[in-house]
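S.K.: Have a look at this one before I ask anything.
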Amino acid sequence: MTRASLPALGYAYVALALPAVVLGRDHGRATTALLTGAAFAYLWFIASLRARLVRFDPDGFFASVVVLGGAAYLALETLAVLAGTTQAAGPASACAATVIIGSSQAAWRARKIPKWFGQAGVVGGLAVLAVGLVEAAANWTLAGDAVYASSLGFMVWVVVTATYLLRR
């Protein structure tokens, strides 16, 4: 796998994380195995995103925010899925929103994406945050005990971003 094709691991992350989220803690070993593969793919996806953001934003502010938010998201989302608790899903959504907004801002400010697309990224990040707040405050899941709408929103963003990075 070349460095240019690393964003494709965003697809692998979603392909592995989505069934893990749907299975939830009721299928502990299968969920853990899927989350392990998803975490591996996700970390490489975030690394490829960071490499692109450093070129967009040479002082590295947005790249740092994205890596920090991405790492914290992974830990909190894993906890939320394995424990089946919305108490971790809420903070995970804040981390996901940080990744979405930080990367959208970096690309938008560097004029690497159209203005409307950058604005859509910021609005999408705020939506993930708002849904995560509701999930945590109301102890709400979309389905089952581990299917969080904020996580699904983040996965949609990962697929869109991976597609964009691979097209370049």
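Only the coordinates and a few stated rules stand behind these numbers; no lab work does. What you are looking at is a predicted structure, and each value in this text was computed from that prediction instead of being measured. Here the Cβ positions follow ideal geometry from the backbone for every residue, glycine too, while neighbour counts run over all protein chains shown.
S.K.: When you scan the range 84-168 for helices (runs of 4 or more DSSP H) that lie fully inside it, which ones turn up with 2 or more residues that are farther than 22 Å from V14 by Cβ?
M.R.: Working: elements: 86-109, 115-138, 149-167.
Result: 86-109, 115-138.
S.K.: Moving on. Against the condition touching an Asp or Glu at 6+ places or on another chain (Cβ under 6 Å), hydroxyl-bearing (S, T, Y) and either closer than 22 Å to P7 by Cα or in contact (Cβ under 8 Å) with a residue 12 or more places away in the chain (or both), how does Y148 come out, does it pass?
M.R.: Yes, satisfied.
Let's see how each residue does on (1) small (G, A, S); (2) outside any helix (DSSP H, G or I); (3) out of contact with any Ser or Thr (no Cβ under 7 Å at 6 or more places or on another chain):
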| residue | (1), (2), (3) |
| --- | --- |
| A17 | yes, no, yes |
| A20 | yes, no, no |
| R29 | no, no, yes |
| W44 | no, no, yes |
| S48 | yes, no, yes |
| A51 | yes, no, yes |
| D59 | no, yes, yes |
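S.K.: Give the residue, chosen from V21, V99, that is crowded, with 19+ Cβ neighbours inside 10 Å, in contact with a strand residue (DSSP E or B) (Cβ under 8 Å, 6 or more places away or on another chain) and in contact (Cβ under 8 Å) with a residue 24 or more places away in the chain. Steps first, please.
M.R.: Details: V99 fails: in contact with a strand residue (DSSP E or B) (Cβ under 8 Å, 6 or more places away or on another chain).
Result of the check over V21, V99: V21.
S.K.: Looking at (1) in contact (Cβ under 8 Å) with a residue 60 or more places away in the chain; (2) farther than 17 Å from S150 by Cα; (3) not small (G, A, S), which is the one condition that is false for V81?
M.R.: That leaves (2) as the condition not met.
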